[in-house]
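One structure is given here, and the rest of the page talks about it.
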Amino acid sequence: MKHKSFLKSALIVSIGGMAAKGIGALYRIPLTNLLGGYGMGLYQMAYPFFCVLLTFSSAGIPSAFARMIAREHASGSGHGGTVRAALGVFFALGLCGALIMCLLAPDMSALQGDESLINCYYALAPSVLLVALIAVFRGYFQGKNDMKPTAVSEIFEQTVKAAAGLFFALRFREDPMRAVAYTLIAVTLSEAFALAYLILRYRGEERKTFPSRAHATGGEIVRAAFPVMAAAALLPLSQMADSVIIVRLLSRYSTRAVSLYGLYAGGAVSLVNLPASVCYGLAAAAVPAVSEAFARGDREGGKRKAMFALGITLFLSAPCAAGLFLFARPIVSLLYSSLSQEDAQTLVTLVRLSAVSAASLSCVQTLSACLTGMGKAKYAAFSMLIAVTVKFALQWLLLPRPSLSVGGAAIASAACYLIAFFLDLFYTVTEKHGGRKHDHGCEFGRRKKRLDGAGAQGDRMRG
């Protein structure tokens, strides 16, 4: 994949991501004004556990599955059997995740100190299953270097969520707890609409696709996706822990712990995540680009593509980080005009402390995708494990200080992403030829060739 083709693919997903996140950001502004600090605190406290279950049922599927499809596509074989196997595997995982969320909702709400969260978890539970299936279809299209379905489905998803969420927030604005639960039902509705769109697109593609005789089995798909899922799991796991640790540490000296957490997670973190969302297209396009190069044995070419993706990521995200730091006050005044003067000042401080993460998180996202394309997803997982460990240590050190308050969480998070970035960069630059034995995609390709030449014996692949 040439740089021009790579940029075109990245641009499509980035435009979709910008549009979707733009809708999401605009949605968050009136939502924050309608729900208030406490309502947004509940809203954000429900998300970490949800994200953890999404990670184990769907995270890593688009990139890992895209890598597998890209290799099949390069060999000229069909994908029907592989897609059906993946849908079966991740339907089961998604269903288990949804059931776990329902079963653990009372315990999680008790652990987080607010029983109002039970209904929030029930409202989000079906989304775990829906997102698992969505991830398979997005991975399929991305593996074929067709980024349009991903971009369109993201826009569709955010539009439905914003429309339904604002309707419910307005309808139940006098009852914040009920309003939060219904705005989370809007999330489930949005995933259902996005899945329906992707299914219709895939059915159109399926008519042109011939199933390969030697497709990947469910076990091979899980083994290929597991390192990526492990890398992706650490961040939402740490965010789930944040929703407990930050609130409990702040509660030692503040009666507004939930509101402060809402300002951090719902305000500062949302702004910092916007550049990463815009740069997501680079990560999505990097997987098939790097995978194809490594499949051809052009490892140096694959590394050049990875560094090219990183350079574009920095070009886009670094000015955003500088802008958030320099213009934090006018940004907060413009977007969150209904906040009290005290809360607005707190949010300005949080945005400035978190600004560097706008660049470092974007780069971590791109480099993790590149390492996945190289067959080195386990190194991304190791980097994030070290980074998250440092973050927790800093939280326990900084948050108990009233002078820093919730700002300690922003400092810890900024350190986390910087450490992950430098470690991922080190592993990408120093990638060696010895990693081939872990390359499940290459192994699948070698097995396929043997099976195709074995006649009747090629009807089945053994994991």
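The values are calculated or read from the model by the stated rules, or taken from the named source; none is laboratory data. Predicted, not measured: the structure shown is a model, and the values here were computed from it. Note: ideal-geometry Cβ built from the backbone for every residue, glycine included; neighbour counts use all protein chains shown. Side chains are part of the model used for accessible areas, which takes the heavy atoms of the whole protein and leaves out ligands, DNA and RNA. Shrake-Rupley method; radii C 1.70, N 1.55, O 1.52, S 1.80 Å.
Things to note:
- Qualifying trypsin sites (Lys or Arg not before Pro) for the stretch 245-310 [loop in DSSP, other Cβ within 10 Å: at most 16]: Arg252, Arg296
- Normalising by residue count, the stretch 250-321 has a Cα convex hull of 115 Å³ per residue.
- From most to least packed by mean Cβ count within 10 Å, the peptides 334-345, 411-422, 82-93, 165-176 give 411-422, 82-93, 165-176, 334-345.
- Phi angles across the stretch 322-329 convert, under the Karplus curve 6.51 cos²θ - 1.76 cosθ + 1.60 with θ = phi - 60°, into 3J(HN,Hα) values of 5, x, 5, 5, 6, 10, 4, 5 Hz, Gly and Pro given as x.
- For the stretch 242-303, the carbon plus sulfur part of the accessible surface works out to 54%, probe radius 1.4 Å.
- Among the GluC sites (Glu not before Pro) in the stretch 106-164, those located in a DSSP loop and surrounded by at most 13 other Cβ atoms within 10 Å of their own Cβ are Glu115.
- Rounded to the nearest whole angstrom, the semi-axes of the ellipsoid equivalent to the stretch 122-212, taken from the Cα gyration tensor as √(5λ), stand at 32, 12, 9, largest first.
- Remark: the stretch 344-352, residue by residue, has Karplus-estimated 3J(HN,Hα) of 5, 5, 4, 5, 4, 4, 5, 5, 5 Hz, where x stands for each Gly or Pro and the curve is 6.51 cos²θ - 1.76 cosθ + 1.60 at θ = phi - 60°.
- Short-range pairs are left out: with C-alpha atoms under 8 Å and at least six residues apart, the relative contact order of the stretch 86-212 is 28 percent.
- Measuring r between the beta carbons of Leu397 and Asp107 and using R0 = 22 Å, the FRET efficiency lands at 0.20.
- Relative packing of peptides 27-33, 284-290, 262-268 - highest average C-beta neighbours within 10 Å first: 284-290, 262-268, 27-33
- Taking a sphere under 14 Å around the Cβ of Gln395 and counting the other residues whose Cβ falls inside, with K and R at +1 and D and E at -1, yields a net charge of +3.
- Distance (nanometres) between label positions extended 7 Å along Cα→Cβ at Glu115 and Leu334: 4.4 nm
- Taking label positions 7 Å along the Cα-Cβ direction at both Leu404 and Ile15, the computed distance is 4.4 nm, reported to one decimal.
- Label-point gap, in nm, between Leu95 and Glu174 - each point 7 angstrom along Cα→Cβ: 4.2 nm
- Residues of the stretch 260-280 with amide N under 20 Å of a point placed 7 Å along Cα→Cβ from Gln341: 260
- FRET E, pair Tyr122, Arg304, Förster distance 56 Å, beta-carbon r, rounded to 0.05: 0.70
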